[in-house]
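Here the structure is laid out as structure tokens; the discussion comes afterwards.
The numbers here are math on the coordinates, done by the rules we state, and not lab data. On a predicted model such as this, the values are computed, not experimentally measured, just so you know. So basically every Cβ, Gly included, is an ideal-geometry build from the backbone, and we count neighbours across all protein chains shown.
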Amino acid sequence: MDRVKEWYKLDLSAIVYPTLQRKDFSSVYRLSALMKEEVQPEVLQQAVDLSLPRFPTYKAAIRKGVFWRYLEPNHRPGPFVKPDIKNPCMPMPFKANNRYLIRVYYYGRRISLEAHHSLGDGTGGMAVLHTIIAQYLGLLGHPIKPDGLVMDIHEKPDPEELEDAYMRYANAKVRPPRPQEPTYRVRGTKEPFYTLNIVDGIMSSSQVAQVAKSYKVTITEYLNAVLIYALLQKQLQENPIRLKPVKIAMPVNLRRFFPSKTLRNFITMIYPGVDPRLGDYTFEEIVAHVHRYMQYYINDKFLKGDITTNAATQSHPLIRVVPLFLKDIVVRAFYSRVQDQNSSAGLTNMGALYVPEEMRPFIERFDICMGQPFSNRTNCAIISFGDVMTINFASSIVEADVERNFFCKLVQDGIHVKIETNRDMEGGN
């Protein structure tokens, strides 16, 4: 008897990522855990093999239909654990790696998971990584009870984990317009093919929280303001003929506002920033401006409107019947000429991670990397575990002026920062 194949239509965000795929760009992010002891690759492979069937939308291959792409179950061998590489988040061709859209690496005490954004966002990816680590520790004789993002591998997935949660909440009565004003773009020397420059700043979470509190804002608001400040400095250093607005593309985790257990994409973008054409901004003014922006835009009513705006395109009758290759041409052109021009840099903050108490003694910290930017700029990603906060910059240009300005401001505010990088620092960049 033929088995009926399960398949999953790409969620509302995931539709865009394969369209933007090219030889030197792939929508890949990386999540890492630094363990207290050296990683045993053979045991890690067993943990991957045990864990992945629990996540059907990650143990999947992407396929093309006439009108849409979709995910189908992948029963091929793999994915296979590999030693880590210098340049993370390499392009992920859909037919390579036995069609798996995730990779698992190890190096010393580090376990890293890379995933294509068409599968899910950082919350989903972190559930996969947490579950793999729990199984890994269990195989070493340290059993971990399922809790939080650690899933029970013996239970079937909750149907809600697999849903496109956007479509459940795309029912607002208004559709807010999208920002479409060109912003400042960092000028820099492009690195050779797929060289990804990584700069990590490691610091005390409580120290950052204390400084943010002194400005009467949240940690996310404070760090957004620091990145805007760093970009404004960089723009002025270039002596431009005309100044341009500086904006940050920041994903918001919609699970905070709309109940959902989905492990697929469930984020939307907001764009805090300032316009230097209006005059010079002190750092305190930038912080206040970001704070007011966040208060206005980050709420369930505005976010539901934004979801509805995003969903309107997909549900339009004419769009539904347009062949996939035409959709790809239109989406790629729109993103390159409009959407990608809306921000000067990207910043994502996964916040403080929770793990079961039995896991905590075995983990030193977590890291996150947004991967290769679509255009010449830098992306910033933040994550905390216990009192350790890691701020990661990923860039495809030689110059590290924005990163330097950013961390110098943190140090000026009294935050102690330790820097780690894969860059060759001899060039003085």
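For region 250-328 and region 173-209, write down the distance between their C-alpha centroids in whole Å. Answer, in whole Å: 15. In a simple Cβ point-charge model (Lys, Arg +1; Asp, Glu -1; nothing else charged), region 8-153 has a dipole of about 580 debye relative to its Cα centre.
For the chain, adding -39500 (n - 2.57) for each run of n ≥ 4 DSSP H residues and dividing by the number of residues yields -9500 deg cm²/dmol at 222 nm. Evaluated with a Cβ-only charge set (Lys, Arg +1; Asp, Glu -1), the chain carries a dipole of roughly 1480 debye about its Cα centre, given to the nearest 20. As a proxy for reagent exposure, ranking HIS289, HIS416, HIS142 by other Cβ atoms within 10 Å from fewest up yields HIS416, HIS142, HIS289.
With one equal scatterer per alpha carbon and no solvent term, the Debye-computed log10 I(q)/I(0) for the chain at 0.06, 0.08, 0.10 1/Å reads -0.24, -0.44, -0.70. Distance from the C-alpha centroid of region 386-423 to that of region 54-94: 31 Å, rounded to the whole angstrom. For ALA345, the amide hydrogen comes within under 5 Å of the amide hydrogens of LYS247, ALA249, counting only partners 5 or more places away or on other chains and with H modelled in the peptide plane.
A Förster radius of 22 Å, combined with the Cβ-Cβ distance separating GLN180 from TYR296, puts the computed FRET efficiency at roughly 0.70. For the chain, the residue among LEU263, PRO356, VAL208 whose Cα projects farthest onto the positive side of the dipole built from Cβ charges is LEU263. About the centre of its Cα atoms, region 323-429 shows a dipole size close to 460 debye [charges on the beta carbon of Lys, Arg (+1) and Asp, Glu (-1) only; nearest 20 debye].
Relative contact order of region 344-418, taken over Cα pairs closer than 8 Å and 6 or more residues apart, is 28 percent.
By the count of neighbouring beta-carbon atoms within 10 Å, fewest first, LEU353, LEU278, LEU347, LEU101 end up ordered LEU278, LEU353, LEU347, LEU101.
Over all pairs of different C-alpha atoms in region 8-153, the reciprocal of the mean inverse distance, the Kirkwood hydrodynamic radius, equals 15.6 Å. Once backbone amide H atoms are built at 1.01 Å from N, VAL274 has VAL246 as its partners under 5 Å, excluding neighbours fewer than 5 places away on the same chain. Applying the Karplus relation 6.51 cos²θ - 1.76 cosθ + 1.60 with θ = phi - 60° to region 180-186 yields 3J(HN,Hα) values of 9, 9, x, 10, 5, 10, 5 Hz, where x marks Gly and Pro.
Each of GLU6, GLU191 was scored by other Cβ atoms within 10 Å of its Cβ. Listed from fewest to most, they are GLU6, GLU191. Residues in region 344-354 carry Karplus couplings, in order, of 8, 6, x, 9, 10, 10, 6, x, 8, 8, 10 Hz; the curve used is 6.51 cos²θ - 1.76 cosθ + 1.60 with θ = phi - 60°, and Gly or Pro positions show x. Taking amide H positions as modeled 1.01 Å from N, with prolines and chain starts lacking one, the residues under 5 Å from GLU163 and 5 or more places away or on another chain are LEU263.
If R0 equals 45 Å, the separation of the Cβ atoms of THR195 and HIS142 corresponds to a calculated FRET efficiency of about 0.75. Label sites at GLU420 and SER206, each approximated as a point 7 angstrom past Cα along Cα to Cβ, lie 2.2 nm apart.
Between the residues PHE334, ILE391, ILE286, the greatest Cα displacement towards the positive end of the dipole of the chain, with unit charges on the Cβ of Lys, Arg, Asp and Glu, is found for PHE334.
For region 235-309, the fraction of C-alpha pairs farther apart than 17 angstrom is 55 percent.
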